[in-house]
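Engineer: My questions all concern the structure below.
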Amino acid sequence: MKTYQGIGASAGYAIGSAFFYSTALPVIERKQSNFPQGEIARLTKSVEEVDHNLQQLEITTAAKIGEAEAEVFGAHRMFLSDPSFITEIQNAIKTNSITAECAVLEVGNNLKAAFEAMEDDYFRARAADIVDVSTQIIRNLLGINITGLDSFTSPVVVVADELNPSDTARMEPQNILGFITRKGGKASHAAILARSLGIPAVVGAGDDVLLITTDTPLLLDGAEGCVIADADETIVAEFLAKKRKFDQAMEASKTTAHQPAITLDGVRVEIVGNIGSNSDAERVIEYGGEGVGLLRTEFLFLDRKTPPTEAEQLAVYQQISNSLLGKPLIIRTLDIGGDKPLPYINLPLEDNPFLGVRGLRLCLQQQDIFIPQLRAILQASATCDVKIMFPMVTTLGEILQARQIVRQTSEQLTAEGKAVGSPSLGIMVEVPAAAVASDLLAREVDFFSIGTNDLTQYTLAADRGNPGVQHIADHFHPAVLRLIQLTINNAHRHGKGVGICGELAGELLAAPLLLGMHLDEFSMGSMAIPAIKNEIRQWSVPQAEAIVEQALNQPDAESVRAFLASHIKTKQDQPR
Ligand code: PEP
Ligand code: MG
């Protein structure tokens, strides 16, 4: 029996067999081979098999998603029949007397470098394709099968080094009981997604995680952040009892979820959900959400080879609005960059991507991505209750520029005879500069939504995905709470509404504090909705106001938590 301790990222209990998920190639050492003909035969067989797999993928993708998305597999197949690629690998095997996998790696790397050095964007983008194809051949040569997170046929507990947003976008929750990763923090996107899907998760559990092998029996406690491998019968029995209790509490919490969150003195607070897909939207309704305060549209752009077209985006936004039964939907424009790269967007390599061309900054620079998205949202707004929200806003100038692009896009659509609405325009307040100068920004927008995940990492200078600084990156730190208070006050002074769509809004401990600060809208992963509504129902606004000053004057995050824990009115072991 062995215990792995990490950061509790998503509450809940999972019991099942491990599946070690890895997309990385093992280190390939330069190995000599004195039998070039044998290596060439291995290569030929592998290339044929990879070509066959790609052909299958091309056919199924064309049928399931569309011809345009399937094209990339055709392009990859062309490399497999390109003499400058395959003949060169064969020559490397013969000339250097090396194994087929070494030759593929070397030729692939050389071609990648050659493509990257080209002026033309199109050819530069081929570098990623050559890496992709080479990797597929090497995997085939080494007999490594890659199972995607969407392809499990029986439930497993996923063990991984790290899950990036495109991995998590592919998760099929019915077959993923939970996951544990070596890297990652509580506010990393894998953790956020796990909470919204109700998948128990542990992140940042350290190097030992990589020693867990597929099929090892695991018990995972997502609240405590611990995983036990090869547990004995007594521990399994105790664990099962806790899991049963948690699952029952989860079901019970749904019974009052559909009633509004009205305080003891009759103030109704808006409780909405954060989503990244249509199935998330359905879950928001199931858990009593009154709309959506954050649609992370980047999830529609990840895990594909080309961006979704205007028509595809329009269809998705309309479908989500339907799933929400017409309730309000805040669509955040693409927030790419930082920890969410896109393979088909030409992003320069940045030393500090979280401080780089991210969110609205990228959209203003690459308007060929921004404008089709705005066109889709504006058309959706003709019939659906949608608002537009810009991420990562830092300066007033960015807001003015974004607003002007929205206005021009709307005029263009009208000139084309297309129906458009006039959606409200809001911004995320997630950069400290935007919070500090929120009085200036409030004049130019219709609403604010505070992104406490980024606001915390930027205020405290602690990477949200780095387990080494998780003790610093705490959204209960008084510095973060004071910026929230300032932002709410400034918004209200200008008659503007303000929400929080960062993870703090779904924290039970924070509910009375945020109520006391007069937050208008709480937006969170759907599973948190019932408990937050329930806590708010136990308070009057004056009671909540009375705890704000003391909370903001605590010396650190830990004392804020302790202070709030002593005031909370519902049970803290409720599902979050
Ligand atoms: C945030 O930063 O708080 C937020 C909601 O946005 P994201 O987590 O997608 O960066
Ligand atoms: Mg953010």
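Engineer: Since LEU80 meets every condition but one in (1) among the aliphatic types (A, V, I, L, M); (2) touching an Asp or Glu at 6+ places or on another chain (Cβ under 6 Å); (3) surrounded by 18 or more Cβ atoms within 10 Å (Cβ to Cβ), which condition does it not meet?
Structural biologist: (3)
Engineer: From the list LEU177, LEU240, LEU163, LEU220, which residue is within 28 Å of ASN453 (Cα to Cα) and not in a strand (DSSP E or B)?
Structural biologist: LEU163
Engineer: From the residues in region 486-506 that are surrounded by 22 or more Cβ atoms within 10 Å (Cβ to Cβ) and not aliphatic (A, V, I, L, M), which one is farthest from ligand 1 (Cβ to nearest atom)?
Structural biologist: This residue is ASN490.
Engineer: Given the conditions (1) under 23 Å from ILE330 (Cα atoms); (2) more than 16 Å from ligand 2 (Cβ to nearest atom), which single one is not true for LEU509?
Structural biologist: Against the list (1) under 23 Å from ILE330 (Cα atoms); (2) more than 16 Å from ligand 2 (Cβ to nearest atom), LEU509 comes up short only on (1).
Engineer: Which members of region 547-557 meet the condition of being surrounded by fewer than 18 Cβ atoms within 10 Å (Cβ to Cβ) and assigned to a loop (DSSP other than H, G, I, E, B)?
Structural biologist: ASN553, PRO555, ASP556
Engineer: Within region 251-264, is there a residue that is surrounded by 17 or more Cβ atoms within 10 Å (Cβ to Cβ), farther than 23 Å from LEU193 by Cα and of a type outside the set (Val, Ile, Thr)? First the steps, then the outcome.
Structural biologist: Filtering region 251-264 down to residues surrounded by 17 or more Cβ atoms within 10 Å (Cβ to Cβ) leaves 253, 257, 261, 263.
Now restrict to residues that are farther than 23 Å from LEU193 by Cα: 261, 263.
Okay, now just the ones that are also of a type outside the set (Val, Ile, Thr), so 261.
Among the residues of region 251-264, at least one is surrounded by 17 or more Cβ atoms within 10 Å (Cβ to Cβ), farther than 23 Å from LEU193 by Cα and of a type outside the set (Val, Ile, Thr), which makes the answer yes.
Engineer: Evaluate the following for ILE399: is it assigned by TED's automatic domain parsing to the domain that holds ALA311, outside any helix (DSSP H, G or I) and of a type outside the set (Lys, Arg)?
Structural biologist: no
Engineer: Just checking, does region 388-410 include any residue being farther than 20 Å from LEU295 by Cβ, hydroxyl-bearing (Ser, Thr, Tyr), surrounded by fewer than 20 Cβ atoms within 10 Å (Cβ to Cβ) and modelled with pLDDT of 95 or more?
Structural biologist: yes
Engineer: Return yes when LEU481 is buried (at least 21 other Cβ atoms within 10 Å of the Cβ), in contact (Cβ under 8 Å) with a residue 12 or more places away in the chain and within 28 Å of GLY506 (Cα to Cα) and no when it is not.
Structural biologist: So LEU481 fits the description; yes.
Engineer: Those residues that are within 16 Å of ligand 1 (Cβ to nearest atom) and touching a His at 6+ places or on another chain (Cβ under 8 Å), I need them from region 409-443; list them, please.
Structural biologist: none
Engineer: Kindly indicate which of GLY525, GLY502 is modelled with pLDDT under 95, in contact with an Asp or Glu (Cβ under 9 Å, 6 or more places away or on another chain) and within 16 Å of ligand 2 (Cβ to nearest atom).
Structural biologist: Details: GLY502 fails: modelled with pLDDT under 95.
GLY525 is the lone residue from the list that is modelled with pLDDT under 95, in contact with an Asp or Glu (Cβ under 9 Å, 6 or more places away or on another chain) and within 16 Å of ligand 2 (Cβ to nearest atom).
Engineer: Give the residues of region 321-341 that are away from ligand 2 (no atom under 16 Å from the Cβ) and within 26 Å of GLU398 (Cβ to Cβ), sorted by residue number.
Structural biologist: We begin by selecting, within region 321-341, every residue away from ligand 2 (no atom under 16 Å from the Cβ); these are 321-329.
Hits for region 321-341 are PRO328, LEU329.
Engineer: Residue under question is SER566, and the condition is that it be farther than 29 Å from LYS496 by Cα, surrounded by fewer than 17 Cβ atoms within 10 Å (Cβ to Cβ) and of a type in the set (Ser, Thr, Tyr); does it hold?
Structural biologist: Criteria met by SER566.
Engineer: How many residues are of a type in the set (Val, Ile, Thr) and under 16 Å from ASN534 (Cβ atoms) if we restrict to region 228-271?
Structural biologist: Initial filter on region 228-271 (of a type in the set (Val, Ile, Thr)): 228, 234-236, 255-256, 262-263, 267, 269, 271.
Pick out the ones that are also under 16 Å from ASN534 (Cβ atoms) and you get 255-256, 262-263, 267, 269, 271.
So the answer is 7.
Engineer: So if I check each of ALA479, ALA511, ALA473, which one is in contact with a Gly (Cβ under 8 Å, 6 or more places away or on another chain) and closer than 25 Å to ASN553 by Cα?
Structural biologist: Of the residues listed, the single one that is in contact with a Gly (Cβ under 8 Å, 6 or more places away or on another chain) and closer than 25 Å to ASN553 by Cα is ALA473.
Engineer: Tell me which residues, restricted to region 313-353, are assigned to a helix (DSSP H, G or I) and modelled with pLDDT of 95 or more.
Structural biologist: GLN313, LEU314, ALA315, VAL316, TYR317, GLN318, GLN319, ILE320, SER321, ASN322, SER323 - these are the residues of region 313-353 that are assigned to a helix (DSSP H, G or I) and modelled with pLDDT of 95 or more.
Engineer: If you scan region 354-385, which residues turn out to be outside any helix (DSSP H, G or I), more than 16 Å from ligand 1 (Cβ to nearest atom) and modelled with pLDDT under 95?
Structural biologist: Across region 354-385, the qualifying residue is only GLN366.
The values are calculated or read from the model by the stated rules, or taken from the named source; none is laboratory data. Predicted model only: the values in this text are computed from it and were never measured. We place every Cβ from the backbone using ideal geometry, glycine too, and count neighbours over all the protein chains shown.
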